[in-house]
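Enquirer: First, the structure itself, so that you have it in front of you.
Every number here is computed from the coordinates shown, using simple stated rules; none is lab data. Computed from a predicted structure; not experimentally measured. Glycine gets a Cβ as well: all are built from the backbone with ideal geometry, and neighbour counts include every protein chain shown.
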Amino acid sequence: MIDRLFISKNCPDCAAVRAELDMEAVTQDDFRGTAGQELRVYSALSNDATRELLDKFGYDGKNGWYTPLLIPHDSSKPRQKVQNIITWLRENGMTEK
């Protein structure tokens, strides 16, 4: 079970999400959320890299996918709104205490 969070540089919404993240959750491979899931954060430094990264995971920008983007482990609907992403992260123990 893996939650995947995609963020990019020079994206104000991504910065808001990044500011909420618990860096231990982001950097520790053995971290687990409240449901036992891993958290993987994918960060791109250019728009082209962001598009390519999202495309590799099946979230083509031509179809309205952009960062920030959270793909939950439970196969529920992907989240793109900042507050929805932050709420998910908080509920799953992935934000600063």
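Enquirer: Which one of these does W65 not meet: (1) out of contact with any Phe, Trp or Tyr (no Cβ under 7 Å at 6 or more places or on another chain); (2) touching a residue at least 12 places away in the same chain (Cβ under 8 Å)?
Expert: W65 satisfies every listed condition except (1).
Enquirer: Can you tell me how many residues within segment 1-22 are at negative phi and without any contact (Cβ under 8 Å) to a residue 40 or more places away in the chain?
Expert: So the answer is 5.
Enquirer: So D74 clears everything in (1) exposed (fewer than 15 other Cβ atoms within 10 Å of the Cβ); (2) in contact with a helix residue (DSSP H, G or I) (Cβ under 9 Å, 6 or more places away or on another chain) except one condition, right? Which one?
Expert: (2)
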